[in-house]
1. Give me the Å³ per residue figure for the convex hull around the C-alpha atoms of the range 10-142.
2. Let me know the charge dipole size of the range 55-271 about its Cα centre in debye, to the nearest 20, where only the beta-carbon of Lys, Arg (+1) and Asp, Glu (-1) is charged.
3. Using the number of other C-beta atoms within 10 angstrom as an exposure proxy, rank 356, 390 with the fewest first.
4. Write down the percent of antiparallel bridges among all DSSP beta bridges whose residues are both part of the range 55-271, to the nearest 5.
5. Among 197, 224, which comes first, second and so on when ranked by fewest other beta-carbon atoms within 10 Å?
6. I need to check one value: relative contact order of the range 55-271, counting alpha carbon pairs closer than 8 Å and at least 6 residues apart, in percent.
7. Mind checking which of 135, 235, 189 is farthest towards the positive end of the range 55-271's charge dipole, using Cβ charges of +1 (Lys, Arg) and -1 (Asp, Glu) about the Cα centre?
8. Calculate the dipole size of the range 29-135 relative to its Cα centre from +1 charges on Lys and Arg beta carbons and -1 charges on Asp and Glu beta carbons; express the result in debye to the nearest 20.
Amino acid sequence: MTLLPLAVRSLWNRRATAGLTILSIAISVALLLSVRQFSEQARSAFASTISGTDLIVGARSGDINLLLYSVFHLGSATNNVSWPFYERLAKHRQVAWAIPLSLGDSHRGFRVLGTNDDYYRHYRFGDDRKIEFAAGRAPADLYDAVIGAEVARTLGYKAGEQIVIAHGAGSTSFAEHADKPFTVVGVIAPTGTPIDRTVHVSLAAIQAIHLDWQSGMPAPKGQRVSAQDARQQDLTPDSVTAILIGLKSKIDTFQIQRSINEYRGEPLLAILPGVTLQNLWSIVGNVEVALLAVGLLVTAAGLVCLLVAILASLNERRREMAILRSVGARPAHIFALLVSEAVGVAALGMLVGVLCTYLALAIARPLVQHTYGLLLQWPAWSLTDLAILCGFLTAATLAGAIPAWQAYRRSLADGLTIRL
């Protein structure tokens, strides 16, 4: 019988122990690969959320906080930017376009974004991709709304549906703008960004639904403004949450940023999205390194389990080894048999671990997209991942060589001697 079938039968006879060893290796490999894949996929998803925007302007706070609430719709702004400043900035000779953003309301757990037509014309994400509609069009009427792909899928909305916006950004709200319902007129094609989880309306609409609100509560019934009466009011906003800026020349970026940060009229902050993303990942990088270290330790534990399993079975297999020697097997054959078993168990564990990585990603993709609006791609295996797998297989071979060397050194009579 050749070496490979003999190794397979030997493992099958010890299938319980071999199965547990394969499981421990699979868990360790899956943990290590999952940490790498999730970090790479998350980094790519965050980086592709916004492109072509030179500066983001908001109230003075932290640069990461400004990036999170303006682009990823996570958290809240500490203050707003006045409308006169926005108008002044939009008319600046070095500014090509300026997109105002107004956040603070929600619809059934999804954030509501107030903006203008420049958002649909100039906002870019991914590889300079623009916003496109899977159905319908951009808002034209005061009470028109455009929803992201995830909103449409989760809530089952289509063009023509009527929706009510709730006050505040919580998933549950008891204060709704029920007297001013909106009509869905468009569904944005999937983007893999927070746009998919956003309800878009006009800035004037945000102003209209808050005309009769004071201190976060609706005015008494006799003082409320109807949906039709709101159309006759001046709906110019007093302030916006943030502003996205595109410049005519990239050379002017730092000059404009400095002038905004030093503006004396109100405390403002201008950030470069790319630089701030790098700062964000420099913070997350420490956690990533820690998780990778844990993954390496678990992987080492899996190799130790493999070594212990072979060593534990070696004494029980003394007679088996002696019989193989008696029928003509050389010490080198015994050595190769044990190493083959170790490599086979490690290879099966690696295969199961890779499959578990795909399974973990399949489970995490809808959860991450539903929670953060980020689309994780399927694994694209890099040279680093292949090097990890090859390194693990090499380590498993070396681990299997230790008990194999012990079996190699034993004599034929050793396995035939009865020990009490």
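Coordinate-derived values only; no laboratory data. Since this is a predicted model, take the numbers as computed values, not measurements. Don't worry about glycine lacking a Cβ; one is built from the backbone with ideal geometry, like all the others, and counts go over all protein chains shown.
1. For the range 10-142, the hull spanned by Cα atoms encloses 213 Å³ per residue.
2. Once rounded to the nearest 20, the dipole reads 340 debye.
3. Sorted ascending by nearby Cβ count, the order is 390, 356.
4. Around 80 percent antiparallel, to the nearest 5.
5. Placing the least packed residue first, the sequence is 224, 197.
6. That works out to 31 percent.
7. Farthest towards the positive end: 189.
8. 80
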